[in-house]
Amino acid sequence: MKRGAGVRFMPGAYVFAGGGVDQADAGPDAYSLCPHLSDERASTTLKVAHDGLSYYVAAVREALEECGLLMAYDADGSIVKLSHWEEAKLHALRNQVNHKHMNLPQLCREQGWRLAVDRLLYFAHWITPPGAVLRYDTRFFICRAPEQQSASLASEEMSELIWRTAADALELANDGQIMLMNATRENLKEIAAFAHVDTLLEYASQPREITTVLPTFPVSN
């Protein structure tokens, strides 16, 4: 998604959906909606002392808010289908979550959903270089995009949404048609090395050492 011209950090850059961990992303209320992943296991995976599961919950929430894709299970244990929802109603719900009028656990309980955080695979960990005006400690997750859902923008933070293969996105950036943050570019390079999403997800699901990247070079190219 293309960051809006008015945002403080990297306006105009194309980025993955994401953001900070909210208070409602952590704690028993949120974790009770994650039947297939415990906080202990999530924390071990992310190498944090506790509340690792909040990062997964935040990733699900931010994807819903920013691009309208929801990794959640319905009552039958299938990924929720949003294609039959009226677009205006879905956008209104997303904006309620985005503007903190409703949190994600409340939305899930109203709809009878459970969070499919177990579908998210921890992929990378980047920290903004020292000396930057704004610094971020960012963990990247990947998953298969849910079927019967359509990505769309619902807030003013992002100005455009595109869907491209990693290789195509890199080519657009190399041609100067889009601007990528360095972390985005490097993650796309790693993804582009795989010929099929199944191969990529199989690789990401295997135990491996994820090294924290703390670059000393500029955060954008």
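Every read-out reported here was derived from the displayed coordinates using simple, explicitly stated rules and does not represent laboratory data. Just so we're clear, the structure is a prediction, and the values are computed from it rather than from any experiment. Cβ atoms come from the backbone with ideal geometry, glycine included; neighbour counts cover every protein chain shown.
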**OP:** Compute the length gained on full extension between Glu147 and Ala132: take 0.36 nm times their separation in residues and subtract their Cα-Cα distance, giving the result in nm to one decimal.
**Re:** 1.5 nm
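Restricting the count to DSSP beta bridges whose residues both fall in the chain, what percent are antiparallel, rounded to a multiple of 5?
Working: 13 of 17 bridges.
Within the chain, antiparallel bridges account for around 75 percent of the total.
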Original post:
Using only Cα atoms, what is the ratio of the radius of gyration of segment 102-168 to 2.2 N^0.38 Å?
Top reply: 1.47
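For the chain, take N as its residue count and report Rg(C-alpha) divided by 2.2 N^0.38 Å. Present the calculation step by step, with values, prior to reporting the outcome.
Values: Rg = 17.1 Å, N = 221, 2.2 N^0.38 = 17.1 Å.
That works out to 1.00 for the chain.
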Subject >> For the chain, calculated [θ]222 nm from helices alone, where every DSSP H run of n ≥ 4 adds -39500 (n - 2.57) >> reply: -10000 deg cm²/dmol
Subject >> Centre separation in Å (Cα based) which lies between segment 151-221 and segment 1-79 >> reply: 17
Original post:
Setting aside same-chain residues fewer than 8 positions from Lys100, which lysines have a Cα under 22 Å from its Cα?
Top reply: Lys89
Subject >> Glu171 paired with Asp118, simple spin-label distance in nm, labels 7 Å along Cα-to-beta-carbon >> reply: 3.8
Original post:
When Lys and Arg each count +1 and Asp and Glu each count -1, what net charge do the other residues less than 15 Å away from Pro11, Cβ to Cβ, add up to?
Top reply: 0
Subject >> Rough spin-label spacing in nm, given labels placed 7 Å along Cα→Cβ, for Gln96 and Asp198 >> reply: 4.0
Subject >> Kirkwood hydrodynamic radius of segment 1-123, Cα pairs, Å >> reply: 15.1
